[in-house]
Amino acid sequence: MSGNRNSIDLNFKKMIDQIADAILVLSDETIVYSNRSANQILSFDERTPLSGISIGMFVNPEDMPLLRDALTKITTCQSEKHSLQLTIHSSNNFKLPALINVQLLQACDSLVQLSIHDISARKAAEESMIQSEKLSVIGELSAGIIHEIRNPLTSIKGFLQLMQTSEKLNKDYLEIIMREIEQIEKITTELLYFTKPKSDRFTKINLTTIAQESVRLFETQTLKRNIKMCLEADNADDGHCLYGDKTQLKQVFVNLIKNALEATPKGGTISILLSSTANTEEISIQDTGSGIPEPLIHNLGRSFFTTKATGTGLGLMVTYTIVKNHNGSVHVQSEENKGTTFQLSFPKWKQQDD
């Protein structure tokens, strides 16, 4: 019997070595087995085993709390399988975005199997799509942004002309000019931050700040169309914070506000509400627009599906992708000729996440 078992174990290891994904078996956080792909990815030598090394050697420090939480849920039987996206790095610090599936291997020994799938190609495609959508949104916002900059420039020019006709230096005029210049700087800084490509860098993010900055980008459009836009946030102790990427989360707000504006007639209302539960941060973006037919709601977020006459559907696809990458969810409620509400839910930021 022992010979048969050894033969089966040997055949099993050979089979695991043929799998393209990296496979690790952990006892606590220590690697006790690694297949050939894991050795190639993490040590660049398929013949060099990783046994005895802590998994923490190959995971970014800011990602370790997420991995530890997944390992705890698996070993305490709170979950049979858990998936998460982390950045893995090799012994020479080559970084690799990866989808990791965590599951219990042997309940009696508390061994946990990690399957590591390289998603660098998918992430590159997502980043390209997100950047393309950013540029598209900025193109549509350009008229309003030019108007925002032109107003302070007109004011600056006017006061400089007044100063040219006066022999005395008017400090009040100088203060007004400085305020207008600061306003231009503020607008251009927000615009450059939004369009500049950035790699994923998750940190503690304040949703209230992002919401305020996003609303400000649409002030000209809302005034021009007499649409009332309201932003409210409940009294959260931590200011509605989560663990995420500021640029991507700002694009979520911009995409959804832009869609709401396009759907809302003159004189309508767009309401943005930030709220919290014990474990989540909630964002509600509600408009009084034309609404979405119920049979079409489940198609939202799919590529090239849109309810607009000239749309591509990529804006919502990008939005859904970003929300998913932040372990969030999207729920849509809509009634034709009454309006639509997008409800987003994200895991609440915890001290250990930062």
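The values are calculated or read from the model by the stated rules, or taken from the named source; none is laboratory data. All values derive from a computational prediction rather than experimental measurement. All Cβ positions, glycine included, derive from the backbone under ideal geometry; neighbour counts span all protein chains shown. Each accessible area value is taken on the protein alone, full model and side chains, heavy atoms only, with ligands, DNA and RNA left out. Shrake-Rupley method; radii C 1.70, N 1.55, O 1.52, S 1.80 Å.
Values for this structure:
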quantity	calculated
1 or more residues under 20 Å from LYS324 (Cβ atoms): qualifying helices (runs of 4 or more DSSP H) within the stretch 204-274	207-217, 246-263
Failed item in (1) outside any loop (DSSP other than H, G, I, E, B); (2) surrounded by fewer than 14 Cβ atoms within 10 Å (Cβ to Cβ); (3) modelled with pLDDT under 80, with MET178 passing the rest	(3)
Residue satisfying all of: in the stretch 255-286; surrounded by fewer than 22 Cβ atoms within 10 Å (Cβ to Cβ) and among the small types (Gly, Ala, Ser); farthest from the chain's Cα centre (by Cα) among these	GLY267
Qualifying residue in the stretch 196-213 (condition: buried (at least 17 other Cβ atoms within 10 Å of the Cβ), at pLDDT 85 or above and among the hydroxyl-bearing types (Ser, Thr, Tyr))	no
LEU86 buried (at least 17 other Cβ atoms within 10 Å of the Cβ), modelled with pLDDT of 85 or more and under 28 Å from the mean Cα position of the chain (by Cα)	no
Residues located in the stretch 299-337, provided they are part of a loop (DSSP other than H, G, I, E, B), at pLDDT 85 or above and either open to solvent by 50 Å² or more (accessible area, probe 1.4 Å) or touching a His at 6+ places or on another chain (Cβ under 7 Å) (or both)	ASN327
Qualifying positions in the stretch 47-72 - under 21 Å from ASN327 (Cα atoms) and either open to solvent by 60 Å² or more (accessible area, probe 1.4 Å) or at pLDDT 85 or above (or both)	VAL59, PRO61, MET64, PRO65, LEU66, LEU67, ARG68, ASP69, ALA70, LEU71, THR72
